[in-house]
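Below you'll find the structure, written out as structure tokens, and then a few comments.
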Amino acid sequence: MSNADQRHIVVIGAGISGLAAAWRLHDRWPDAAITVLEGQPEVGGKLRGGQIAGVQVDLGAESLLARRPEALALIREVGLAEHIVHPNKVSASIYSRGEMHQLPPRTLMGVPSDPATLKGLLNDSELQRVEQEAEHLQTDPRGDDISIGDFVSQRLGRAVVDRLIEPLLGGVYAGHADNISTSAALPPLAVAYRDGESVLAVAARAMPSLQATDQPVPPVFAGLTGGINTLALRLTEKLTEAGVEVQRNVTAREMSQRADGRFEITTGPVPDPSTLIADDVVVAVPPPAAARLLGRVAPEAAFHLGAIEMASMAIVTLAFPAEALAGVPSSGFLVPPAEGLRIKAATYSVHKWEWVAAAGHGRGDDGSDVAIMRVSLGRHREVGALQRSDAEIVEMALIDLQRVRGEALPEPIDAVVTRWGGGLPQYAVGHLERIKTVRASIALVPGLAICGAVMEGVGIPACIASATRAVSELPASPVRMEP
Ligand SMILES: Cc1cc2nc3c(=O)[nH]c(=O)nc-3n(C[C@H](O)[C@H](O)[C@H](O)COP(=O)(O)OP(=O)(O)OC[C@H]3O[C@@H](n4cnc5c(N)ncnc54)[C@H](O)[C@@H]3O)c2cc1C
């Protein structure tokens with residue numbers, strides 16, 4: 001319960017960014033009243049779990065980068081350390097020109113460090129073009145931003161973009177290489193653009209050393225038994241235990257600032273609105289919603305957030321009798337847009353995660369084992385496929401899977417389509433400048449902070465980092481203005 005002198009902080013949005021912000025807020029100000037508003041019935045945002053054939057799995061994000069510390073640190077803080085797992089060491093592939101190729105090792109989001117690793121995926125003349133980078137070392141000393149597609153095409157040839165970078169970027173941003181900013185998405189490459197350094201060399205430097213050591217190379221990715229979504233659930237549990245109020249089904253519709261500096265947040269249906277008064281607000285919602293909320297309080301930030309495009313996608317989770325996927329020694333495959341298929345990636349969750357395989361044991365009607373996999377569809381500005389019914393989307397996924405695998409899969413035991421409309425912000429050319437302006441506009445309003453997938457990267461660790469930063473940017477004590 002808050003009293004008149006107690007600092008009241010409202011977090012809008014209970015995705016991983018908002019929940020992490022609430023966690024850090026409670027840590028910094030244990031005596032403050034903290035309220036988290038979530039418009040949906042469930043917390044977690046893109047960290048969402050659900051059942052398929054009686055097995056609980058992730059229907060949104062399903063792994064996290066373990067080479068950054070933020071997510072693993074938060075997982076440990078909320079007591080989930082013993083649930084940390086790493087993907088099985090099985091290879092991933094790229095389906096290109098009608099054939100499956102091993103995903104080239106040691107690339108920086110598809111930017112190769114060694115042309116030899118591209119043999120097979122690229123033809124001889126394309127490979128030769130990669131090897132000729134030294135003849136194409138144009139620079140831009142002004143350091144203007146450029147799309148990853150344009151830059152890598154210029155240095156290594158278009159095939160590297162079409163066959164390798166597009167499918168990898170399609171996985172992370174659901175975007176197109178020709179739109180995505182080099183400086184925002186691959187900062188080390190932006191330096192190569194400015195200084196004329198070889199991108200092959202930059203990618204090689206970014207890779208962990210191949211020198212033989214006694215130390216095993218630490219895993220790149222991590223997950224949680226039961227799914228990444230359990231991080232959001234556990235955080236919410238811990239926050240509630242700590243006295244933080246997490247309100248579900250409460251959409252923040254409007255926000256304004258009173259003469260005394262406090263914020264008024266309007267929630268509830270238009271005919272019956274409710275108002276919350278807050279000393280501080282952390283906005284942790286996707287850019288379109290943030291733009292609507294900030295229009296009166298930080299108009300310049302609202303304008304720039306409103307201009308950020310979002311990509312929509314769908315995840316089709318499929319359950320099969322275990323033997324249907326038994327012969328696939330792979331964690332999955334990527335499909336470049338140039339192939340003209342509707343699916344852009346498939347993950348054999350049953351092979352990638354030990355816990356998914358175990359969870360499927362005995363789940364068939366007759367007590368047999370069930371194998372789970374997932375397929376993703378949809379890229380930025382390509383929503384056609386997603387406007388179909390669930391049954392049609394499942395059908396499309398199965399047709400494309402048959403084409404890639406070269407054989408039909410049996411009828412799935414169960415299928416779940418999860419639509420992620422506006423799921424991923426696009427880090428377009430100029431993104432960093434735009435975000436700088438957003439930050440400057442927010443900084444003019446004491447007590448206001450922003451975090452989320454649009455700020456420092458779309459991955460879970462980057463979202464958590466943005467939440468930690470947002471909390472650190474709030475004033476040590478509430479700023480009250482003389483009315
Ligand atoms: C399908 C998919 C798969 C992904 N896979 C991975 C992965 O494997 N690994 C990885 O690192 N990243 C992955 N990502 C990216 C990552 O999951 C997201 O970038 C991240 O979870 C975003 O978190 P967030 O809290 O910033 O936003 P969100 O998760 O979008 O949370 C925002 C929350 O705010 C709520 N909200 C919105 N408007 C309002 C309002 N007005 N009032 C109240 N509440 C509101 C929403 O309901 C939502 O719960 C994936 C993304 C998608 C879409």
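Values in this text are rule-based calculations from the coordinates and carry no lab data. Only a predicted model underlies this, so the values are computations on that prediction, with no experimental measurement involved. As a convention, Cβ positions derive from the backbone with ideal geometry for all residues, glycine included, and neighbour counts pool all protein chains shown.
Phi angles across segment 100-110 convert, under the Karplus curve 6.51 cos²θ - 1.76 cosθ + 1.60 with θ = phi - 60°, into 3J(HN,Hα) values of 8, 10, 5, 4, x, x, 6, 10, 9, 6, x Hz, Gly and Pro given as x. Here, the chain has an Rg and a Dmax of 23.4, 73 Å when only alpha carbons are counted.
When the dipole is taken about the Cα centre of segment 389-483, and only Lys, Arg (+1) and Asp, Glu (-1) are charged at their Cβ, what size is it in debye, to the nearest 20?
Details: 8 positive and 11 negative charges, 135 e Å.
With only Lys, Arg, Asp and Glu charged at Cβ, the dipole is about 640 debye.
Counting only Cβ charges, +1 for Lys and Arg and -1 for Asp and Glu, the dipole size of segment 1-150 around its Cα centre is about 440 debye.
Taking the Cα centre as origin and putting +1 on Lys and Arg beta-carbons and -1 on Asp and Glu beta-carbons, what dipole magnitude results for segment 107-206, to the nearest 20 debye?
Working: 8 positive and 15 negative charges, 38 e Å.
Dipole size: approximately 180 debye.
Starting from the Cα-Cα distance between Asp366 and Ile399, subtract it from 0.36 nm times their residue separation and give me the gain in nm to one decimal. Numbers along the way, then the final one.
Details: separation 33, 0.36 × 33 = 11.88 nm, distance 2.73 nm.
Answer, rounded to one decimal: 9.2 nm.
Each peptide in 412-425, 456-469 receives the mean, over its residues, of other Cβ atoms within 10 Å, and ordering these scores from highest gives 456-469, 412-425. Taking a ≥ b ≥ c as the square roots of the Cα gyration tensor eigenvalues, segment 313-467 comes out prolate, since a/c reaches at least 1.5 and a/b is larger than b/c. Each of the peptides 346-359, 43-56 was scored by the mean count of other Cβ atoms within 10 Å over its residues; in descending order, highest first, they stand as 346-359, 43-56. Using R0 = 41 Å, the C-beta based FRET efficiency linking Ala408 and Glu131 works out to 0.50. Converting phi to 3J(HN,Hα) with the Karplus coefficients 6.51, -1.76 and 1.60 and the offset θ = phi - 60°, segment 332-343 yields x, 8, 10, 10, x, x, 4, 6, x, 8, 8, 7 Hz in sequence order, with x at every glycine or proline.
Compared with the dominant Cα axis of the chain, that is its longest principal axis, helix 229-241 is turned about 20°. Using R0 = 22 Å, the C-beta based FRET efficiency linking Asp31 and Asp272 works out to 0.10. The long axis of helix 431-443 is offset from the longest Cα principal axis of the chain by roughly 10 degrees. Think of the chain as a dipole: +1 on every Lys or Arg Cβ, -1 on every Asp or Glu Cβ, centred on the Cα centre; then among Leu121, Leu334, Ile450, Ile450 lies furthest on the positive end.
The label point for Arg292 and the one for Phe221, both projected 7 Å from the Cα toward the Cβ, are 3.3 nm apart. Measuring against 31 Å, Cα to Cα, the residue pairs Lys46/Lys238; Lys89/Lys238; Lys238/Lys352; Lys46/Lys119; Lys238/Lys344; Lys119/Lys344 contain Lys89/Lys238; Lys46/Lys119; Lys238/Lys344 as the ones spanning a longer distance.
Summarising the label geometry, the points placed 7 Å from Cα in the beta-carbon direction at Ser389 and Arg439 lie 4.9 nm from one another.
Phi angles across segment 243-259 convert, under the Karplus curve 6.51 cos²θ - 1.76 cosθ + 1.60 with θ = phi - 60°, into 3J(HN,Hα) values of x, 6, 8, 9, 9, 8, 6, 10, 8, 7, 9, 9, 9, 9, 10, 7, 4 Hz, Gly and Pro given as x.
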